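First comes the structure, then the notes that go with it.
The values are calculated or read from the model by the stated rules, or taken from the named source; none is laboratory data. Fair warning: this is a prediction, and the values are worked out from it, not measured in the lab. Reconstructed Cβ throughout: ideal geometry from the backbone, glycine too, with neighbour counts over all protein chains shown.
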Amino acid sequence: MLRRKGKPSKYARKFGRKRGGWKPPSFNPYPVAVLAMVFLAVFLGGGGLYLLCERTLPAIMLGRQLYPIIPRQLATQTLSESLVAMIFLFAGVGGGYMVWDGLRSPVGRRPSTVKTAVGMILLAASLASLYILYLIKFPGLF
């Protein structure tokens, strides 16, 4: 009489050979493309094109001291000013992504609420910091 095969173990199901032979792992280029576009947008929004085209100071030098301050003139831009703007823009993008991911997360109510709240705080802090930079650069507008 023929015996039936038993159920494969958990290990055999996970690591056992599958029919059809070896297949190369699939690569989804969509997240990489989105991340590259975000980096490019933040680089351009933070003043990266100006840094590439014009000679800029890394910071302001007064006497023998180096001050990474933001000059109030619109015609002058420092490397430190652009880096601060890019950091705040990255924080805003990260906060927006955390809010979006927290709102669509199927994990549970508590983790998604925490993720959404932290994302909102990060987004609000980033927007407030960028607004302060804007007020420093354009003091006569407000």
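Of all residues in the range 70-98, those that are free of Cβ contacts under 8 Å to residues at least 12 places away in the same chain have Cβ atoms under 7 Å from Cβ atoms of residues that are surrounded by 17 or more Cβ atoms within 10 Å (Cβ to Cβ) and outside any helix (DSSP H, G or I), 6 or more apart or on another chain, in PRO71/THR78.
Residues checked against (1) part of a helix (DSSP H, G or I); (2) exposed (fewer than 11 other Cβ atoms within 10 Å of the Cβ):
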residue: ASN28; (1), (2): no, yes
residue: LEU52; (1), (2): yes, yes
residue: LEU74; (1), (2): no, yes
residue: VAL93; (1), (2): yes, no
residue: GLY96; (1), (2): yes, no
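Look at (1) at pLDDT below 75; (2) under 30 Å from THR116 (Cα atoms); (3) polar (S, T, N, Q) and you find that SER82 fails only one, number (1).
Contact annotation: residue pairs with Cβ atoms under 8 Å, 6 or more positions apart or on different chains, pairing a residue in the range 113-125 that is within 21 Å of ALA85 (Cα to Cα) with a partner that is among the acidic types (Asp, Glu), are GLY119/ASP101.
Just to check your reading of the model, which residue among LEU122, LEU103, LEU40 is at pLDDT below 95 and either of a type in the set (A, V, I, L, M, F, W, C) or not in a helix (DSSP H, G or I) (or both)?
Working: LEU122 fails: at pLDDT below 95; LEU40 fails: at pLDDT below 95.
The conditions single out LEU103.
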